[in-house]
Amino acid sequence: GNAYHVAVSGNIAIVADYYTIQVLNIANPTNIMFLGSYTSLGIAYGVDISGNIAYVADWDAGIHTLDISNPNFPTLMGTYDTPGHAYQVIVEGNIAYVADVEFGLQCIDLSNPYSPGFLGNYNTLGDSYGIAISGNIAYIADTISGVECINMSNPLSPFLVKTYDTPGNAMGMEIYGNVIILAEIGRET
């Protein structure tokens, strides 16, 4: 398929592979082994792992929680249909923070993974494709508006702290210490 994102926990890697979620054993990096898969309901672009649960950003099908306690047979636990297109997800505690393309940042309650629910959101200026979190701040790769820094100390009511315009269209990011590593594509003028 088309692998878009990977999350690793111990010896298990979960790959968001377009129409499927692939579960791999990576204990021996020279001999990666397929364990199981799950056919996604939408297009799997992003994934995160917390404990025995994989959280999938599944484009127009929203967020999905998968039980991966038996990695050979991942099973659907619950879903939450975000208003936009779920592209990337990061889980912190019982909250999923979702880059939801045209609807910015979505905060989803995961206290019951069988029934995720809405907490709050912040509609960004551009299209949100990437997300990184440090402390109470979500950094959103927001295409034409660059990086938007959103305070999430109250996930019911996130608010904008700062925007940093970048030369291209911000698409993805990671935080390394106190540096943001940003992936961009060219901006048409």
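The values are calculated or read from the model by the stated rules, or taken from the named source; none is laboratory data. Worth saying up front: this structure is predicted, and the values here are computed from it rather than measured. No Cβ is skipped: glycine too gets one built from the backbone with ideal geometry, and neighbour counts run over all protein chains shown. Side chains included, ligands, DNA and RNA excluded: accessible areas come from the protein's heavy atoms. Shrake-Rupley method; radii C 1.70, N 1.55, O 1.52, S 1.80 Å.
Placing unit charges on C-beta atoms (Lys and Arg positive, Asp and Glu negative, everything else neutral), compute the dipole magnitude of the chain about its Cα centre in debye, rounded to 20.
Approximately 340 debye in magnitude.
Length gain on complete extension for the stretch T20 to N94, per 0.36 nm per residue less the alpha carbon to alpha carbon distance?
Separation in residues times 0.36 nm, less the Cα-Cα distance, equals 24.2 nm.
Sum up the charges of everything whose Cβ sits under 12 Å from the Cβ of G46, counting Lys and Arg as +1 and Asp and Glu as -1, but leave G46 out.
-4
In Å², and per residue, what accessible area does the chain have when probed at 1.4 Å with the other protein chains present?
47
Given a cut-off of under 8 Å on Cα pairs at least six residues apart, what relative contact order in percent is computed for the chain?
Taking the mean separation of contacting Cα pairs over the length of the chain, I get 11 percent.
Put a dot 7 Å past each Cα toward the Cβ at M33 and S115; how far apart are the dots in nm?
The two pseudo-label positions are separated by 3.9 nm.
Grab the Cα-Cα distance for S134 and E174, subtract it from 0.36 nm times how many residues apart they are, and report the gain in nm with one decimal.
Residue separation times 0.36 nm, minus the Cα-Cα distance, leaves 13.4 nm.
With the full set of protein chains in place, find how many percent of the accessible area of the stretch 70-165 is carbon and sulfur; take the probe as 1.4 Å.
Ligands and nucleic acids excluded, carbon and sulfur reach 50 percent.
Please identify, among N121, N28, N169, the residue showing maximal mean-square fluctuation in a Gaussian network model of the chain using a 10 angstrom Cα cutoff.
Comparing N121, N28, N169 in a Gaussian network model of the chain, the most mobile one is N28.
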